Amino acid sequence: MHIFRTSAVAIIALTVGIAAEALAIQPGKTVTWDTPMGKVTFSGTNHAAMQIGCLDCHSKIFKMKKGSTEMTMADINAGKFCGKCHNGKKAFEPKDNCDICHKK
């Protein structure tokens, strides 16, 4: 009986941990970055509305630890990071659309 309880507790803890990771920036939440071109705000609501889940990008494109990914516009324009989807096919391309992401 003790082994069953220990296993059940471990499974519950693992499930809660995975769910917390998957919902790091859930709908209704945002993350912002200050950049030389202005503040960028990532919207969990906008991405969830497009049926994009957290694990679609994390940790395939972005590392899970906050602040561990350093991006440049050159990277994004080359199809890395946000540019994986924001390429003009799946989502708007960054070229000539600066003000969509960057707010002064």
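Of all residues in the stretch 49-73, those that are farther than 24 Å from Gly38 by Cα and either modelled with pLDDT of 85 or more or in contact with a helix residue (DSSP H, G or I) (Cβ under 8 Å, 6 or more places away or on another chain) (or both) total 10. So for the stretch 42-59 (the condition being loosely packed, with under 11 Cβ neighbours inside 10 Å, over 18 Å from Gly28 (Cβ atoms) and among the polar types (S, T, N, Q)), does at least one residue qualify? The answer is no, given that none of the residues of the stretch 42-59 is loosely packed, with under 11 Cβ neighbours inside 10 Å, over 18 Å from Gly28 (Cβ atoms) and among the polar types (S, T, N, Q). I'd like to know if the stretch 67-86 contains one or more residues that are surrounded by fewer than 14 Cβ atoms within 10 Å (Cβ to Cβ), in a loop (DSSP other than H, G, I, E, B), within 13 Å of the chain's Cα centre (by Cα) and not polar (S, T, N, Q). Checking the stretch 67-86: at least one residue is surrounded by fewer than 14 Cβ atoms within 10 Å (Cβ to Cβ), in a loop (DSSP other than H, G, I, E, B), within 13 Å of the chain's Cα centre (by Cα) and not polar (S, T, N, Q). On inspection, Asp34 passes the criterion of being assigned to a strand (DSSP E or B), over 12 Å from the mean Cα position of the chain (by Cα) and not hydroxyl-bearing (Ser, Thr, Tyr). Scanning the stretch 87-104 for residues being out of contact with any strand residue (DSSP E or B) (no Cβ under 6 Å at 6 or more places or on another chain) and part of a loop (DSSP other than H, G, I, E, B) gives a total of 11. When Gly44 is tested against the conditions (1) closer than 19 Å to Lys84 by Cα; (2) at pLDDT below 70, the lone failure is (2).
Taken as a whole, the structure places Lys63 among residues that are out of contact with any Leu (no Cβ under 9 Å at 6 or more places or on another chain) and surrounded by fewer than 15 Cβ atoms within 10 Å (Cβ to Cβ).
The values are calculated or read from the model by the stated rules, or taken from the named source; none is laboratory data. From a predicted model like this one, the values you see are computed outputs, not experimental measurements. Positions of Cβ are backbone-derived with ideal geometry, glycine not excepted, and every protein chain shown enters the neighbour counts.
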